[in-house]
Amino acid sequence: MLDRAHIIELAEERIAEIDKGLFIVDLHISEANVISLEIDSEIGSVSINDCVRVSRNIEHNLDREEQDFELSVSSAGLDKPLRVTRQYPKNIGRELKVKTESDDKIEGLLTAADEEGIVLQISRKEKIEGKKKKELIVEDIPLKYAQIKEAKVVISFK
C-alpha cells in the first residue's frame, strides 16, 4: 500500500516551491493504487502547469518497481462542494448553497469567512403590516464550520 503521508509530503514540497497559495483539498488512494489528488489556491485559480509540477514531483519520487500506481492531480472543481476551510475566503462575494447538519438549506451571499465559520447574507421580500408592497429584508446568518454538512458555490452565468 502506498504511504499517504509520504504522498502528502511530496505534494506539499512542490506546492511550497510554487509559492502561489496552493493547498491540498483531497487525497484519495484506492486499493488498486489509483492516487487522486485535488489542489486549490487561496488566490486565483490553479493552472494546468501547477498540477503537472505537483504530479511530476510525486511521480519522480515514488518507485514504480516497488509498487505500480496511477496518479491524477487536478484542481478542485466548481461543481464540487467546498471541503476545507481554506476554500471559503476566496469565495467571498459568491452565492453559496449550504446544507446544515440539521438538514436546513440556506442559499445566500458569502460575506465573511474566518477560522471559526462563515456569514451568509440572505435576502427575501416580506409583507410588512400596514404597507402595501413587500419590503426587502436582508439578514446575516453566521454559521460555524461544524454546522455545515455541505456547501457549494452557485454557478451563475449572469
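Pick from Val84, Val54, Val34: which is buried (at least 17 other Cβ atoms within 10 Å of the Cβ) and either β-branched (Val, Ile, Thr) or within 22 Å of Glu150 (Cα to Cα) (or both)?
Val54
Just one of Asp140, Asp114 is out of contact with any Cys (no Cβ under 8 Å at 6 or more places or on another chain) and loosely packed, with under 12 Cβ neighbours inside 10 Å; which is it?
Criteria check complete, one pass: Asp114.
Evaluate the stretch 38-46: report whether one residue or more is out of contact with any strand residue (DSSP E or B) (no Cβ under 6 Å at 6 or more places or on another chain) and closer than 21 Å to Ile148 by Cβ.
Yes; the residues of the stretch 38-46 include at least one that is out of contact with any strand residue (DSSP E or B) (no Cβ under 6 Å at 6 or more places or on another chain) and closer than 21 Å to Ile148 by Cβ.
Given the condition of a type in the set (A, V, I, L, M, F, W, C), loosely packed, with under 15 Cβ neighbours inside 10 Å and within 15 Å of the chain's Cα centre (by Cα), answer yes or no: does some residue in the stretch 7-22 qualify?
Scanning the stretch 7-22 turns up no residue that is of a type in the set (A, V, I, L, M, F, W, C), loosely packed, with under 15 Cβ neighbours inside 10 Å and within 15 Å of the chain's Cα centre (by Cα).
For Ala76, which of the numbered conditions (1) exposed (fewer than 11 other Cβ atoms within 10 Å of the Cβ); (2) under 30 Å from Ala32 (Cβ atoms) fails to hold?
It fails just one condition, (1).
Kindly list the number of the only condition in (1) over 21 Å from Gly21 (Cβ atoms); (2) touching a strand residue (DSSP E or B) at 6+ places or on another chain (Cβ under 9 Å); (3) outside any helix (DSSP H, G or I) that fails for Lys131.
(2)
Of the residues that sit in the stretch 113-126 and are out of contact with any helix residue (DSSP H, G or I) (no Cβ under 9 Å at 6 or more places or on another chain) and at pLDDT 95 or above, which one is nearest to Lys152 (Cα to Cα)?
The qualifying residue nearest to Lys152 (Cα to Cα) is Leu120.
Go through (1) under 12 Å from the mean Cα position of the chain (by Cα); (2) exposed (fewer than 14 other Cβ atoms within 10 Å of the Cβ) for Asp103 and report which single condition fails.
The single condition Asp103 does not satisfy is (1).
The values are calculated or read from the model by the stated rules, or taken from the named source; none is laboratory data. Given the structure is predicted, the values throughout are model-derived calculations rather than measurements. Methodologically, a virtual Cβ is constructed for each residue, glycine included, from the backbone with ideal geometry; neighbour enumeration extends over all protein chains shown.
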